[in-house]
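Written out below as structure tokens is the structure these notes cover.
The values are calculated or read from the model by the stated rules, or taken from the named source; none is laboratory data. Note that the coordinates shown come from a computational prediction; the quantities given were computed from them, not determined experimentally. Because the Cβ atoms are built from the backbone with ideal geometry, glycine has one as well, and the counts that use them run over all protein chains shown. What goes into the accessible areas is simple: the full protein's heavy atoms, side chains included, and nothing from ligands, DNA or RNA. Shrake-Rupley method; radii C 1.70, N 1.55, O 1.52, S 1.80 Å.
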Amino acid sequence: MQRATLDLWVGFFVAVGLAAMLFLALKVGNMGAFDSAKAYEVKASFENIGGLKARAPVKSAGVVVGRVADISFDTGTYEASVTLKLDSRYPFPKDSSASIMTSGLLGEQYVALEAGGDDKMLANGDRLKLTQGAVVLENLIGQFLYNKAEGEGKAENSAQ
Amino acid sequence: MINGLLNGVRRLGHRVVDMLWRMGVSTRFFLLLLLHSGQCFRRFHLIIREVFSTGVLSLIIILVSGLFVGMVLGLQGYETLQTYGSEEALGVLVSLSLVRELGPVVAALLFASRAGSAITAEIGLMKATEQLAAMEMMAVNPIARVVAPRFWGGVISMPLLAALFSAMGILGGWLVGVVLIGVDEGSFWSQMQAAVDFREDILNGMIKSFVFGVAVTTIALFEGYDAPPTAEGVSRATTRTVVTSSLAILGLDFILTAFMFRGV
């Protein structure tokens, strides 16, 4: 089979194209960063998840230890049921607590895991007992205004 | 007055019927092309030659424009993001807009004007100089010998070109954002990796570019094959290739985006 410079160019083109795809997959995307095969799932119920989305990170001490796999609504308790997929490299005690936090003032929401003191570790399919839902900004502002009005009312009363 | 109105209606009707007729013929042409593709895979060097003329020769324009689009995204994104104090999200902005939309779409638009028009002109001229008729006389099927290899060459090149465009664009964004402006390099890459999903974003972008490749090459081939065998006919067919395939790319992009990125 004869070889032409044309074949060399096409080979170069295909190699560079595949390299670009590999770059996108490994350096830009999160492929390989978190292997979903070596993970265990834990469920947690939240009163309010705020703006939490599927695929949001699960962090403990600021380190990403897993991702939110699924969010659904539980009609039995009327709470949000969140499935967390945790990396099996990081086992957590059974009485760990989960809370929904926001990174920065306008940043994305994530689940923060706080390790407990239990000797037993969480296993696949376990449920987290201690949870803290998202802080709703409107409630916070409402509470602040209420407290302020109460404080002013007291001040007026004492002035009279 | 009535005559003029009647003429107008007649012309409109003629155009609609003509369009339907062309749609039917192009569908038949596409199916015929797929039917005759088997032969050209046995003579792979024909496809290699077309990958060269559509893919390799488009490399420079794709790489350079990808770099500049990424650099502009880096500059504009930084301007907007810094007013919210979240310059670190620059990597996310640049990579997601490139991988999901700009990469496949702009690469396909460039591909349509760089390679699509060349395909139309080549085939139209082959028809005008009766080379296709001569092939038929020699019992060589022009669809199997001329059209199918060009189709597969274009379909193979398009996703590779789109991936190169996205990669170059992200490098351009990195160059402006990190090297020139001084956004933190670590958070640039790590936030990007946290936000870009392989299946959800990158694979969907590649599916898009594949669909665009099929659409652009089919339109270019059909316009060339269907062109009136005159100098004017070929030139009009070339123009029509660029216009129609650009519209097809943008329309298909909307449909595909609506399917791929709903919610979540």
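Packing, as the average of other Cβ atoms within 10 Å across residues, places the peptides B:106-119, A:83-96 in the order B:106-119, A:83-96, highest first.
In chain A, helices alone account for a calculated mean residue ellipticity at 222 nm of -9000 deg cm²/dmol, with every DSSP H run of four or more residues adding -39,500 (n - 2.57).
From the mean inverse distance of alpha carbon pairs (Kirkwood) and the Cα radius of gyration, derive Rg over Rh for the range B:73-194.
On the Cα set of the range B:73-194, Rg over Rh gives 1.27.
One quarter of the surface of the convex hull around the alpha-carbon atoms of the range B:36-260 equals 13.5 nm², the direction-averaged projected area. Here each label is just a point 7 Å from Cα along the line to Cβ, and for B:Ala258 and B:Glu200 those points are 2.2 nm apart.
Extension gain for B:Glu101-B:Ala128 works out to 5.9 nm (0.36 nm per residue, less the C-alpha to C-alpha distance).
A 1.4 Å probe run over the protein chains yields, for the range A:84-146, 67 Å² of accessible area per residue, whole-number rounding. In terms of packing, defined here as the mean over residues of other Cβ atoms within 10 angstrom, the peptides B:1-12, B:154-165 line up highest first as B:154-165, B:1-12.
Just so you know, the averaged projected area of the alpha carbon convex hull for the protein assembly as shown sits at 36.9 nm².
Taking a ≥ b ≥ c as the square roots of the eigenvalues of the Cα gyration tensor, the range B:172-239 is classed as oblate, since a/c reaches at least 1.5 and a/b does not exceed b/c. Excluding residues fewer than 8 places away in the same chain, name every one of the lysines whose C-alpha is closer than 25 Å to that of A:Lys59. Partners within reach: A:Lys27, A:Lys38, A:Lys43, A:Lys85, A:Lys94, A:Lys120, A:Lys129. Each Lys and Arg adds +1 at its Cβ and each Asp and Glu adds -1 at its Cβ; summed about the Cα centre, the range A:32-97 shows a dipole of about 300 debye. The string of couplings for the range B:14-23 from the Karplus curve (6.51, -1.76, 1.60, θ = phi - 60°) is 4, 5, 5, 4, 4, 5, 4, 4, 5, 4 Hz, one whole number per residue in order, with x for Gly and Pro.
All Cα-Cα separations within the range B:127-200 were binned at 10 Å from zero, giving a P(r) of 15, 26, 18, 13, 13, 12, 3, each value a whole percent of the pairs. Counting protein heavy atoms only, the range B:36-260 has 68 percent of its accessible area on carbon and sulfur, 1.4 angstrom probe. Chain B packed on chain A takes about 2500 Å² of accessible surface away from a 1.4 Å probe, both sides summed. Taken residue by residue and averaged, Cβ atoms of other chains lying within 10 Å of the Cβ of A:6-18 number 6. Placing pseudo-labels 7 Å out from each Cα toward the beta carbon at A:Lys120 and B:Leu32 gives an inter-label distance of 7.3 nm. Between the C-alpha center of the range B:133-179 and that of the range B:215-264 there is a gap of 14 Å. Per residue of B:55-63, other chain Cβ atoms within 10 Å of the residue Cβ number 3 on average.
Comparing the full protein assembly with the isolated chain (1.4 Å probe, heavy atoms, ligands and nucleic acids excluded), the residues of the range B:155-170 losing at least 30 square angstrom of accessible area are B:Leu160, B:Ala163, B:Leu164, B:Ala167. Here the spin labels are modelled as points 7 Å beyond Cα on the Cα-Cβ line, and at A:Lys59 and B:Phe44 they lie 4.9 nm apart. Counting Cβ atoms of other protein chains within 10 Å of each residue's Cβ and taking the mean over peptide B:82-90 gives 2. Suppose R0 equals 30 Å. What FRET efficiency, 1/(1 + (r/R0)^6) with r the Cβ-Cβ distance, do B:Glu136 and B:Arg22 give to the nearest 0.05? Using R0 = 30 Å, I get an efficiency of 0.85.
Looking at chain A alone, DSSP beta bridges between its own residues are antiparallel in about 75 percent of cases.
Roughly how many debye, to the nearest 20, is the charge dipole of chain A about its Cα centre, given +1 on each Lys and Arg Cβ, -1 on each Asp and Glu Cβ, and no other charges?
On the way: 16 positive and 18 negative charges, 138 e Å.
Taking the Cα centre of chain A as origin, the dipole is about 660 debye.
Surface analysis of the range B:36-260 yields an accessible area of 42 Å² per residue, using protein heavy atoms and a 1.4 Å probe.
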